[in-house]
Number of protein chains: 2
Amino acid sequence: MDKADYEALSARLKALAHPERLRILDVLRREPECVCHLEALLGKPQPYVSQQLRLLREAGVICDQKQGQNVFYRVCDPEVLAWLDAFMGPVDGSTYEHHEIVAACVCPKCAPLVPPLAA
Amino acid sequence: MDKADYEALSARLKALAHPERLRILDVLRREPECVCHLEALLGKPQPYVSQQLRLLREAGVICDQKQGQNVFYRVCDPEVLAWLDAFMGPVDGSTYEHHEIVAACVCPKCAPLVPPLAA
DNA sequence: CTGATAAATGCAGAACTTTGCATATATTTA
DNA sequence: TAAATATATGCAAAGTTCTGCATTTATCAG
């Protein structure tokens with residue numbers, strides 16, 4: 001490791017070292033989510049959420065993919081995925097708050113979860 | 001993980017997310033060192049080094065142990081030790097710069113390395 | 001084309017970190 | 001006790017990050 005390596009590493013760690021960003025990553029490491037879900041999850045205004053996402057995107061930690069009206073984000077750095085497991089434990093396939101969060105959402109991902117209107 | 005967990009995690013990551021502190025930890029994860037060695041290693045003034053050490057100490061990442069005139073620091077959080085391996089790879093027992101650094105040092109650790117004066 | 005919705009961007013003030021420097025403390029040696 | 005050495009602390013200026021808010025862009029549905 002030379003000076004540049006320590007700097008690159010510290011830059012990536014700085015991107016992670018923030019409570020709301022860790023919370024975002026804890027969701028994104030399970031499955032991709034659109035901004036509207038993260039907004040609901042954090043209970044913060046949309047520009048705030050987009051800003052944290054931008055920072056993570058510019059640090060190369062997450063990637064975005066547009067899908068219709070929505071933008072889906074995922075953790076795209078496999079090394080960071082491994083770090084997140086080390087920080088927070090491996091993902092448990094069990095009780096995931098996702099379904100609560102998105103009950104009211106109509107983005108392509110949620111639509112199938114919402115029961116048909118008057119069935 | 002609740003809000004407080006994300007905050008505690010981010011506080012510890014903030015302590016690590018700094019190039020000189022990572023460099024210090026990369027040395028300390030191998031073996032304990034006194035401040036004078038770290039000063040020689042970084043080539044930074046002593047108060048600067050002590051300040052980074054204080055920050056790491058207050059974050060609970062390293063511990064100090066006084067030994068005569070010197071203070072030896074080591075990584076005392078086993079979880080952080082594992083993180084450091086994940087960030088920088090496991091320690092290789094091979095060429096370690098320790099011996100170069102301390103050639104001119106007379107602290108208890110180094111004294112045995114220095115050849116007797118006019119043998 | 002218009003209006004609605006999803007997301008991104010820009011900016012400014014507050015808060016926090018970083019770093020350099022002067023000084024303090026504590027231990028040892030003479 | 002005095003001088004020397006190792007380390008810690010306090011403080012202030014410069015730099016960076018954080019957050020809230022106003023605005024912009026892009027896409028989709030009518």
Review point. With every protein chain left in place, what is the accessible area per residue of the stretch B:1-41 in square angstrom, probe 1.4 Å?
Key: 38 Å²
Practice item. Give the long-range amide H neighbours of B:CYS34: residues separated by 5 or more places, or on another chain, with amide H under 5 Å away, using H modelled in the peptide plane at 1.01 Å from N. Key: B:TYR73
**Study point:** Net dipole in debye of the stretch A:41-90 [+1 Lys, Arg Cβ; -1 Asp, Glu Cβ; about Cα centre; nearest 20]
**Key:** 280 debye
Check your understanding: Which entries in B:LYS14/B:LYS44; A:LYS3/B:LYS3; A:LYS3/A:LYS44; B:LYS3/B:LYS44 show an alpha-carbon gap greater than 28 Å?
Key -> A:LYS3/B:LYS3; A:LYS3/A:LYS44; B:LYS3/B:LYS44
Check your understanding: Which value in nm describes the separation of the simple spin-label points at A:GLU58 and B:ALA82, placed 7 Å from the Cα toward the beta carbon?
Key -> 3.4 nm
Check your understanding: What nm value, rounded to one decimal, do you get for the distance between A:VAL91 and B:TYR48 when each label is placed 7 Å out toward the C-beta?
Key -> 4.3 nm
Practice item. Return the sequence-ordered ³J(HN,Hα) values of the stretch B:74-90 in whole Hz as given by the Karplus equation 6.51 cos²θ - 1.76 cosθ + 1.60 applied to θ = phi - 60°, using x for Gly and Pro. Key: 8, 6, 10, 9, x, 5, 5, 4, 5, 4, 4, 4, 5, 6, 10, x, x
Practice item. Provide the packing ranking of B:53-64, A:16-27, B:81-92, i.e. peptides ordered by the mean count of other C-beta atoms within 10 Å per residue, highest first. Key: A:16-27, B:53-64, B:81-92
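The values are calculated or read from the model by the stated rules, or taken from the named source; none is laboratory data. A quick note: this is a predicted structure, and the numbers were derived from the prediction, not measured. Cβ sites come from the backbone with ideal geometry, for glycine too, and all protein chains shown count toward neighbours. In case anyone asks, the SASA skips ligands and DNA or RNA and just uses the protein heavy atoms, side chains included. Shrake-Rupley method; radii C 1.70, N 1.55, O 1.52, S 1.80 Å.
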